[in-house]
Every structure is written in C-alpha cells, then in structure tokens.
Amino acid sequence: MIRLILSLVALLCVAACATKPQGEFTSFKKAVPVWSEGRETEKNLTLSFREVIKVKHPKEASIRLTASCDYRLRVNGEFVAHGPCVAAHDFYRIDAYDLKPYLHRGENVVAIEVAGYNCPSYYLLDQPSFLQAEIVVDGVVVAATGDDFEAYALGQRVADVKKFSFQRPYTEEYVLTPDFDKWTTERGWQATVAPENLAVQPTKTLLSRGVAYPDYRLHEAKLIDGNNLYKFSTNSSGFLRAKVKVTKPTQLTLRFDEILGEDGRVMKRRLKWQSYIIYDLQEGEYELESFEPYTMQYVELFAEEGAVEVEEISMRDYCNSDCHRAQFESSNEDLNFIFEAARETYRQNALDIYMDCPSRERAGWLCDSYFTGRVEFALSGRSRIERNFIENFLLPTEFKDIDKGMLPMCYPADHRNHNYIPNWAMWFVLELEEYLERTGDRETISHARTRIYELVEFFRPYLNEDGLLEKLPKWVFVEWSRANKLVQDVSYPSNMLYAEMLDVVSRLYGDKALSEQASAIRKEVLRQSFDGEYFVDNAVRNERGKLELSGEHTEVCQYYAFLFGVASPESHPELWARLRDEVVPGRVEKGLYPDLHPINAFIGSYLRLELLSRYGLSQQILNESIATYKSMADRTGTLWESLRANASCNHGFASHLTNVMYRDVLGVYEVQPCERKVRLRFIDSGLEWCKGSIPVGDEEIEVEWKLNNGKFDIRLALPEGYTYEVIPTEYKVVIR
C-alpha cells in the first residue's frame with residue numbers, strides 16, 4: 001500500500017498551496033506590531049485576532065502578516081495558511097496571501113490565532129509575542145494592526161502544560177464547547193470575555209519570505225483495528241484533524257507516532273516526547289484541528305467508552321510544494337519505490353528551512369543541511385530554502401548563547417545550555433562552497449567572509465604542537481555510532497574534516513596559507529592515526545602528557561579518511577579493497593570484522609555511498625541502497641535517522657538518496673547551472689533502462705537510456721544554451 005500511495009503522489013500530486021502568493025514584501029504600508037499590553041513575554045498565551053471587512057466585487061484582495069511565534073489564518077472559518085516563515089533572532093519574514101478566493105460579497109471575518117510561547121526551543125525562537133498584519137483591497141489598506149483588529153484571550157487552549165519535547169514548545173490541550181470556532185465565522189459574534197488592550201510593540205526588522213508556500217493537501221487515515229487505532233497511508237506531517245460527535249462530556253486524547261510498539265499500539269513516549277493532544281469536550285459535534293504540525297503514521301484515540309463517535313481522522317499536510325516536477329523511473333521497482341520515499345522525506349522536512357525531522361524537533365541542523373541542500377536543487381532546480389537557511393546563520397551580529405566565533409549547531413534556535421557542535425560549523429563551510437556552485441551567489445559568500453574567518457580563529461587555540469585540533473569543546477560529533485565515544489583528546493575524523501574546511505576557505509577566499517595548513521594536517525593525521533590496518537579514531541594524553549592511540553577503529557573514520565584526502569585507493573589499496581568488497585551492509589550480522597565498529601545511517605551510510613560514487617561503483621550503490629533502505633520505505637514510506645527504528649523515522653538528510661539516484665543510476669553526474677553545463681557518467685548499474693527529468697530553474701534536463709550488450713542508447717534533452725560532457729567509461733555511449 002505504501003508503494004502504491006507514493007507512486008500516486010509522484011504522478012498526481014499538484015502542489016496545493018494555501019493560495020496564490022502575493023509577491024515578496026519587506027515592509028508594511030500601515031500595520032504595526034501589536035500584542036496584549038504587558039503580556040508580550042507571558043508563556044503560552046494564545047490570542048484570537050479578528051476583523052470584519054466589507055467588500056463588493058474586489059479586483060484584488062490580500063493580506064500580509066508576520067508574528068511571533070506562530071499564527072493560523074482563516075477567513076470565514078476556512079483555513080488559509082499557517083506561519084510565519086522563520087528567520088534569525090530579531091528578524092521576521094513577511095508572508096502574503098491572496099484572499100479573494102475566500103471572500104464573498106458583504107461582510108467577511110478574517111481570523112488570526114497567534115500562539116506566543118516565550119519558550120526556548122530548537123523550533124520557534126523565544127522572542128516577545130506580537131502580530132503585524134494588514135489587509136489590502138484594490139490597493140487600499142482596509143484593516144491593519146494598530147488601528148484595527150480586536151484580540152481576545154479566549155482561554156480555550158490550556159497554558160499550564162508540559163513541553164512537547166526539549167526541542168519544541170508546549171503540548172496542545174483544550175477545553176471546548178461545540179461553538180468554540182464561531183468567532184472565526186459569525187460576523188455578529190459576541191465574546192464572553194472583554195477584548196485585550198492591545199499595545200504597539202517595538203519596531204521589527206522585516207525580511208521577505210523568499211521560499212515557496214506550503215502544500216496543504218488533505219488526506220484521511222483509515223481505521224485499522226475496528227475500534228480506535230487509525231493509520232495514514234504513509235508517515236505524514238501536518239495538522240491532525242478529527243471530526244467527532246460527543247454524546248456526553250469527556251476528555252478525548254489523540255496519541256500519535258510514526259511506528260507502533262511491540263503490543264501493536266501507539267507508544268506513550270517513544271522518543272521522550274509528549275506525542276498527544278488533549279481535548280476536554282462538552283456534548284456536541286466538533287471539527288478539531290491541531291494548531292501545531294506533527295508527524296505520524298498512527299493515531300490512537302482514548303476517551304470514556306461510548307462518549308465519542310468518530311466520523312473522520314485526517315491530516316492537513318504542512319509540506320514542501322516545490323518537489324514534484326522531478327521524475328525518476330527505472331527497470332527496478334524497488335529502486336523507484338525508494339526514490340519516492342526519499343522525495344516524501346524531503347517534502348516533509350523542507351519548508352522554510354531544512355529540518356532534521358518534522359516531529360521531535362523541526363530544527364535546522366548543520367551537516368544535515370549539507371545533504372539536503374543537494375536534494376533541494378535536484379528536486380526543484382532551485383536553492384531558495386538553502387539561501388534562507390544560510391542567511392539565517394549570517395544575519396545576527398552575534399550568537400549570545402555560545403562561544404564567540406562558533407556557529408550554532410542548529411538555527412534558528414535557542415541554545416540556553418550553551419551547547420554546540422564544532423564539527424557542524426565545519427560542514428557549514430563545505431556547504432557554502434557547494435551552494436556557490438549551485439547558485440553563483442557570490443554576494444552571500446562575500447557576506448559570509450567575516451563569520452567564516454571568525455570560525456577559523458575560533459579553532460586556532462585548540463591546535464596542539466603537531467598542528468592538530470585537540471580537546472575541542474562541547475559536543476564533538478562524528479556520527480551516531482561508537483565514533484561519538486572516541487572524540488577526545490585528538491579526534492582524527494574531526495581533523496580530517498577540519499583540513500577539508502580549511503581547503504574550502506582557501507578556495508572561497510583565495511587564502512593559500514590555509515591550503516598549506518590543510519595539507520600539513522592531512523600528513524600528520526596519516527602519520528599518527530594509520531596503524532597499518534585501519535585509521536584509529538583518536539589519541540588520548542597519558543599521565544606523562546604523551547598522546548597514545550586508543551586502538552579503536554570505526555568504519556566511519558575510514559570513510560572520513562578517503563573522502564577528505566588522507567587516503568586513496570592508490571595509497572591504501574588493501575584497506576580500500578576491504579571497505580569496498582567486505583565491509584558491506586549485513587557484515588555485522590555475519591560476524592565480519594568485529595574490531596571495526598559499524599556505521600549508522602547518520603551519516604556513515606551516506607558517506608559510504610559518496611565514496612562508492614567517487615569510484616564509479618554504481619551497481620554496488622544500487623544493491624546496497626535497496627538492502628539498506630527498502631525496509632524503511634516499506635515500513636513508513638519515509639527514510640530514517642538511524643538504521644533501526646529507534647529514532648526519527650523521517651529525517652531530512654536521508655532524502656539525499658534522490659541525488660544519489662540521479663547521479664549514480666540515471667547518469668546525471670553533475671549539473672553546473674552557472675556554466676549551463678551537464679556532466680554525464682554512464683556505468684552499468686544492473687538496470688535494463690532508466691529515465692528521469694531533473695528541474696533546472698523553470699526548465700528540465702531529460703535523460704532516458706537503455707543498456708544493450710554494453711552499449712548505452714541515450715535520449716538527452718537539455719534546456720536551451722546547455723552543453724554536455726560525457727565522462728569516459730568502459731561503456732559505449734550513443735546520445736541522440
């Protein structure tokens with residue numbers, strides 16, 4: 001069933017955006033930021049803003065708005081949008097929507113709920129609450145915060161609740177009666193509470209949205225146990241909806257997760273999150289919808305027996321709308337299925353930033369973004385989300401909660417515990433170079449120069465007498481495996497990555513000295529860490545102050561060495577042959593090489609694919625991808641953070657498999673949009689045929705090939721002005 005649904009989504013899904021966007025704006029004509037006087041830092045306060053506008057036959061009608069933290073916009077009770085598009089601390093992006101499809105002649109209710117959380121998280125910034133919005137009809141502002149809009153603290157959402165997770169704000173709990181939503185629909189609605197005294201808030205620094213608007217597609221879950229357990233066709237992300245009839249006052253709990261427990265039910269706290277929504281309901285009929293987006297495949301309902309009749313459980317997606325032009329199809333159905341699972345994973349993790357997961361965190365992590373940035377370009381032909389993502393890291397003058405010169409490990413986010421990952425800042429530099437190649441955006445690279453050189457200076461005090469980084473602070477992260485326990489005092493994978501970072505800075509800014517430093521680091525790492533069989537992960541100071549190798553080896557450390565220029569198949573042929581031919585998926589179960597700690601999905605299995613790609617091992621990539629990822633796609637329709645279902649089962653970086661399939665199976669090895677050039681590489685992957693369409697801006701690259709008797713027969717269609725180069729292989733290539 002998951003296979004069928006993903007295929008249908010790929011073929012039929014047209015991005016169902018909230019409504020036609022109204023261009024890019026960096027200012028308001030009239031609106032000012034407002035909030036309930038004296039309550040702008042109150043925790044978990046939801047205000048219901050409302051304005052009635054009167055229209056006849058408008059040619060144009062739109063709304064512009066931004067807020068802290070979250071808003072939900074409805075017109076005459078009909079859902080329009082959720083936002084805002086996130087930005088760095090003290091910056092706010094303006095969203096704009098076409099209202100004309102939602103208006104009728106006469107009076108119309110424009111309703112905006114705003115949740116002011118004032119809570120540190122990795123998802124929404126802890127900043128004072130406000131709303132800034134204005135409605136424009138035929139060029140005239142007819143309503144604007146500051147002069148118009150009344151706001152009410154209706155008290156429907158309970159404020160004193162637990163946080164959803166360490167990384168996200170509060171859970172949702174409500175006390176409702178059947179008429180709870182009438183404030184969004186009735187022109188003459190009368191509140192049972194007095195309107196809030198709204199006060200103008202400090203002026204905000206405003207930015208354009210810059211990215212596509214979400215896909216809000218609706219889809220239903222199916223009852224699978226005849227009682228209270230529902231299942232979506234695939235792992236899904238968005239706003240959970242329930243249409244119910246309550247026959248007597250009760251508390252209804254909706255508990256959800258991506259997978260089921262061993263007992264076949266939804267687990268209470270699988271990942272230490274509060275994955276539920278609670279409704280205290282009086283007798284009557286309700287159409288409920290969560291305010292916040294969540295991720296789930298299963299929903300389990302709990303209520304007093306006989307108190308609730310369920311008519312429908314469904315979801316309003318909150319997903320990327322700009323990833324459906326890309327197409328991939330081959331003679332291997334398993335591979336096609338994995339591609340669609342990877343696309344679905346990206347779709348749920350890429351809105352206004354690249355998220356690690358749309359469930360527990362919704363956080364924009366570095367390193368993850370290095371891989372997801374490639375996917376955005378492959379699936380949409382653009383790098384709009386990546387531009388916003390990078391811009392967020394460059395906008396603040398400083399990051400107050402971490403050491404000077406360091407970058408946050410994820411952002412926009414609050415890091416009140418002062419934690420960070422020094423390795424992730426190195427990956428940010430690597431991503432900058434690829435972003436430049438994808439976009440030609442030299443202005444952003446120039447703007448990043450100061451921040452990057454501050455980072456270079458941050459690392460200098462940690463260089464030891466051998467020129468290697470030693471005793472890096474905070475959370476030194478190599479990979480989710482044994483490797484993360486082997487990071488002090490001298491982490492050799494960290495130094496390998498550091499050398500690559502210095503080389504990238506050298507190339508970006510013409511700094512020859514950094515390139516020379518990188519070369520020296522590689523030589524010293526090779527001298528110290530290779531023990532004749534493997535690269536050792538780390539060295540620790542003994543009681544005499546001398547560095548001693550730990551003697552431990554991880555699989556991922558070997559991949560760092562080959563990918564970042566410390567080793568090559570020529571310099572280490574025996575190790576390379578072992579990694580290529582024997583250290584393969586399934587070797588742990590067979591008891592092979594127990595002295596080499598295995599990789600995990602994040603990021604070792606993807607680094608392995610990168611290494612196999614570098615040396616043209618396409619058939620091995622195909623076989624290992626199916627062996628590793630098909631079971632994930634079968635179970636959830638998305639790809640996971642870990643090789644086992646013990647973490648997020650929907651992780652943004654894992655969508656990189658789409659890029660792998662275009663590059664190593666379809667044969668579009670590299671797209672160079674600035675040079676309007678495509679590099680092609682055709683290698684026998686064991687397929688009879690393959691075809692695909694890859695967006696580049698508003699155009700597409702189309703490739704279709706068949707392999708017969710060692711000859712590739714290829715149909716190639718390129719956008720006007722594009723040229724191509726075929727990388728030589730042992731196979732005969734005929735292009736028409």
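Would you confirm whether or not the stretch 531-554 contains a residue that is in a helix (DSSP H, G or I) and in contact with a Pro (Cβ under 9 Å, 6 or more places away or on another chain)?
If we filter the stretch 531-554 for residues that are in a helix (DSSP H, G or I), which is where we start, we get none.
Checking the stretch 531-554: not a single residue is in a helix (DSSP H, G or I) and in contact with a Pro (Cβ under 9 Å, 6 or more places away or on another chain).
When residue 431 is evaluated against the numbered criteria (1) in a loop (DSSP other than H, G, I, E, B); (2) closer than 25 Å to residue 374 by Cβ; (3) open to solvent by less than 30 Å² (accessible area, probe 1.4 Å), which criterion, by number, is the only one it fails?
(1) is the only condition that residue 431 fails.
Just give me the residues in the stretch 663-674 being of a type outside the set (Lys, Arg) and either closer than 12 Å to residue 618 by Cβ or free of Cβ contacts under 8 Å to residues at least 24 places away in the same chain (or both), in sequence order. Before the answer, list the steps.
Start the filter on the stretch 663-674 by keeping residues that are of a type outside the set (Lys, Arg), which leaves 664-674.
Listed by number, the residues that qualify are 664, 665, 666, 667, 669, 670.
Under 9 Å by Cβ, and 6 or more places apart or on different chains, what pairs join a residue from the stretch 47-69 that is farther than 15 Å from residue 148 by Cβ and of a type in the set (D, E, K, R) with one that is part of a strand (DSSP E or B) and at pLDDT 95 or above?
Once the first residue is farther than 15 Å from residue 148 by Cβ and of a type in the set (D, E, K, R) and sits in the stretch 47-69, its partners that are part of a strand (DSSP E or B) and at pLDDT 95 or above give 56/106; 59/137; 60/98; 60/136; 60/137.
Identify the single condition in (1) more than 28 Å from residue 207 (Cβ to Cβ); (2) free of Cβ contacts under 8 Å to residues at least 24 places away in the same chain; (3) acidic (Asp, Glu) that residue 401 does not satisfy, given that it satisfies every other one.
Among (1) more than 28 Å from residue 207 (Cβ to Cβ); (2) free of Cβ contacts under 8 Å to residues at least 24 places away in the same chain; (3) acidic (Asp, Glu), the lone unmet condition for residue 401 is (1).
Quick check on residue 714: is it out of contact with any helix residue (DSSP H, G or I) (no Cβ under 8 Å at 6 or more places or on another chain), assigned to a strand (DSSP E or B), open to solvent by less than 20 Å² (accessible area, probe 1.4 Å) and modelled with pLDDT of 95 or more?
Values: out of contact with any helix residue (DSSP H, G or I) (no Cβ under 8 Å at 6 or more places or on another chain): yes; assigned to a strand (DSSP E or B): yes; open to solvent by less than 20 Å² (accessible area, probe 1.4 Å): yes; modelled with pLDDT of 95 or more: yes.
Answer is yes for this residue.
Is it true that residue 255 is closer than 19 Å to residue 174 by Cα, touching a residue at least 40 places away in the same chain (Cβ under 8 Å), among the charged types (D, E, K, R) and open to solvent by 20 Å² or more (accessible area, probe 1.4 Å)? Before the answer, list the steps.
Values: closer than 19 Å to residue 174 by Cα: yes; touching a residue at least 40 places away in the same chain (Cβ under 8 Å): yes; among the charged types (D, E, K, R): yes; open to solvent by 20 Å² or more (accessible area, probe 1.4 Å): yes.
Yes; evaluated as a whole, the condition is true for this residue.
How about the stretch 526-537: which of its residues are in contact with an Asp or Glu (Cβ under 9 Å, 6 or more places away or on another chain), within 14 Å of residue 558 (Cβ to Cβ) and not charged (D, E, K, R)?
Of everything in the stretch 526-537, those that are in contact with an Asp or Glu (Cβ under 9 Å, 6 or more places away or on another chain), within 14 Å of residue 558 (Cβ to Cβ) and not charged (D, E, K, R) turn out to be 529, 534, 536.
Residue check: is residue 66 β-branched (Val, Ile, Thr) and either at pLDDT below 95 or open to solvent by 10 Å² or more (accessible area, probe 1.4 Å) (or both)?
no
Just name the residue that is surrounded by the fewest Cβ atoms within 10 Å (Cβ to Cβ) out of those in the stretch 677-688 that are charged (D, E, K, R) and touching a helix residue (DSSP H, G or I) at 6+ places or on another chain (Cβ under 9 Å).
Filtering the stretch 677-688 down to residues charged (D, E, K, R) leaves 677, 679, 681, 684, 688.
Pick out the ones that are also touching a helix residue (DSSP H, G or I) at 6+ places or on another chain (Cβ under 9 Å) and you get 681, 684.
On the way: 681: 21, 684: 13.
Going through the qualifying residues, I end up with 684.
Residue by residue through the stretch 717-736, note down the ones that are touching a strand residue (DSSP E or B) at 6+ places or on another chain (Cβ under 7 Å) and either modelled with pLDDT under 95 or open to solvent by less than 60 Å² (accessible area, probe 1.4 Å) (or both). Can you show your working first?
Of the stretch 717-736, the ones touching a strand residue (DSSP E or B) at 6+ places or on another chain (Cβ under 7 Å) are 717-719, 722-727, 731-736.
Those that are touching a strand residue (DSSP E or B) at 6+ places or on another chain (Cβ under 7 Å) and either modelled with pLDDT under 95 or open to solvent by less than 60 Å² (accessible area, probe 1.4 Å) (or both): 717, 718, 719, 722, 726, 727, 731, 732, 733, 734, 735, 736.
Among what's in the stretch 123-132 and is in a loop (DSSP other than H, G, I, E, B) and not acidic (Asp, Glu), pick the residue that is most open to solvent (accessible area, probe 1.4 Å).
Our first condition is that a residue be in a loop (DSSP other than H, G, I, E, B); within the stretch 123-132, this holds for 123-129.
Now restrict to residues that are not acidic (Asp, Glu): 123-125, 127-129.
Details: 123: 27, 124: 14, 125: 17, 127: 13, 128: 59, 129: 2 Å².
The selected residue is 128.
Which pairs have Cβ atoms under 7 Å, sit 6 or more apart or on different chains, and link a residue in the stretch 312-333 that is without any contact (Cβ under 8 Å) to a residue 60 or more places away in the chain to one that is among the aromatic types (Phe, Trp, Tyr)?
Correct list of pairs: 323/346.
List, please: which pairs have Cβ atoms under 8 Å, are six or more places apart or on different chains, and start with a residue in the stretch 90-104 that is open to solvent by less than 20 Å² (accessible area, probe 1.4 Å) and end with one that is modelled with pLDDT under 95 and in a strand (DSSP E or B)?
Hits for this filter: 96/21; 97/21.
Considering (1) more than 21 Å from residue 221 (Cβ to Cβ); (2) open to solvent by 20 Å² or more (accessible area, probe 1.4 Å), say which one residue 326 fails and leave the rest.
(2) is the only condition that residue 326 fails.
When you look at residue 211, is it in a loop (DSSP other than H, G, I, E, B), among the hydrophobic types (A, V, I, L, M, F, W, C) and under 30 Å from residue 389 (Cα atoms), yes or no?
Values: in a loop (DSSP other than H, G, I, E, B): yes; among the hydrophobic types (A, V, I, L, M, F, W, C): yes; under 30 Å from residue 389 (Cα atoms): yes.
It is true that residue 211 is in a loop (DSSP other than H, G, I, E, B), among the hydrophobic types (A, V, I, L, M, F, W, C) and under 30 Å from residue 389 (Cα atoms).
Yes/no per residue for (1) over 18 Å from residue 625 (Cβ atoms); (2) in contact with a Gly (Cβ under 8 Å, 6 or more places away or on another chain):
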| site | (1), (2) |
| --- | --- |
| 657 | no, no |
| 668 | no, yes |
| 674 | yes, yes |
| 679 | yes, no |
| 696 | yes, yes |
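With the stretch 597-676 as the region, which helices (runs of 4 or more DSSP H) entirely inside it contain at least 1 residues that are over 27 Å from residue 258 (Cβ atoms) and open to solvent by 10 Å² or more (accessible area, probe 1.4 Å)? Steps first, please.
Working: elements: 606-614, 618-636, 657-661.
Hits in the stretch 597-676: 606-614, 618-636.
Among the numbered conditions (1) under 28 Å from the mean Cα position of the chain (by Cα); (2) within 14 Å of residue 133 (Cα to Cα), tell me where residue 51 comes up short.
Checking residue 51 against (1) under 28 Å from the mean Cα position of the chain (by Cα); (2) within 14 Å of residue 133 (Cα to Cα), the one that fails is (1).
Which of (1) of a type outside the set (Lys, Arg); (2) on the phi > 0 side of the Ramachandran plot; (3) assigned to a strand (DSSP E or B) is the odd one out, the single condition residue 199 does not satisfy?
(2)
Residues in the stretch 17-29: is at least one acidic (Asp, Glu), surrounded by fewer than 19 Cβ atoms within 10 Å (Cβ to Cβ) and at pLDDT 95 or above? Write out each step before concluding.
Of the stretch 17-29, the ones acidic (Asp, Glu) are 24.
The next check asks that each one be surrounded by fewer than 19 Cβ atoms within 10 Å (Cβ to Cβ); those that pass are 24.
Those left that are additionally at pLDDT 95 or above: none.
No.
If the requirement is being over 25 Å from residue 80 (Cα atoms), touching a residue at least 12 places away in the same chain (Cβ under 8 Å), within 28 Å of the chain's Cα centre (by Cα) and open to solvent by 30 Å² or more (accessible area, probe 1.4 Å), which of these qualifies: 162, 222, 204?
Values: 222 fails: touching a residue at least 12 places away in the same chain (Cβ under 8 Å); 204 fails: over 25 Å from residue 80 (Cα atoms).
Every option except 162 fails the conditions.
Checking the condition open to solvent by 10 Å² or more (accessible area, probe 1.4 Å) and touching a residue at least 60 places away in the same chain (Cβ under 8 Å), which residue from 298, 294 passes? Break it down stepwise before answering.
Numbers: 294 fails: open to solvent by 10 Å² or more (accessible area, probe 1.4 Å).
Being open to solvent by 10 Å² or more (accessible area, probe 1.4 Å) and touching a residue at least 60 places away in the same chain (Cβ under 8 Å) holds for just one of 298, 294, which is 298.
Failed condition for residue 487, given (1) in a helix (DSSP H, G or I); (2) open to solvent by 10 Å² or more (accessible area, probe 1.4 Å); (3) of a type outside the set (D, E, K, R), with all others met?
(1)
Every residue in the stretch 140-193 that is closer than 28 Å to residue 276 by Cβ, in a loop (DSSP other than H, G, I, E, B) and acidic (Asp, Glu), please.
The answer is 160, 179, 181.
Of all residues being part of a loop (DSSP other than H, G, I, E, B) and among the acidic types (Asp, Glu) in the stretch 381-418, which is most open to solvent (accessible area, probe 1.4 Å)? Just the residue, please. Quick ask: steps written out before the conclusion?
Initially, the stretch 381-418 is screened for residues part of a loop (DSSP other than H, G, I, E, B), giving 381-383, 395-409, 411-418.
Keeping just the survivors that are among the acidic types (Asp, Glu) gives 398, 401, 403, 414.
Working: 398: 111, 401: 42, 403: 70, 414: 9 Å².
Only one residue tops the list, namely 398.
Which one of these does residue 261 not meet: (1) surrounded by fewer than 16 Cβ atoms within 10 Å (Cβ to Cβ); (2) more than 22 Å from the chain's Cα centre (by Cα); (3) within 16 Å of residue 291 (Cα to Cα)?
(3)
For the stretch 674-695, which positions are hydroxyl-bearing (Ser, Thr, Tyr) and more than 19 Å from residue 658 (Cβ to Cβ)? Let's see the steps before the verdict.
From the stretch 674-695, those hydroxyl-bearing (Ser, Thr, Tyr) are 685, 693; that's our starting set.
Correct list: empty.
The values are calculated or read from the model by the stated rules, or taken from the named source; none is laboratory data. Quick caveat, the model's predicted, so the values are computed rather than measured. As a convention, Cβ positions derive from the backbone with ideal geometry for all residues, glycine included, and neighbour counts pool all protein chains shown. The protein model used for the area step is the full one, side chains on, heavy atoms only, and it has no ligands, DNA or RNA in it. Shrake-Rupley method; radii C 1.70, N 1.55, O 1.52, S 1.80 Å.
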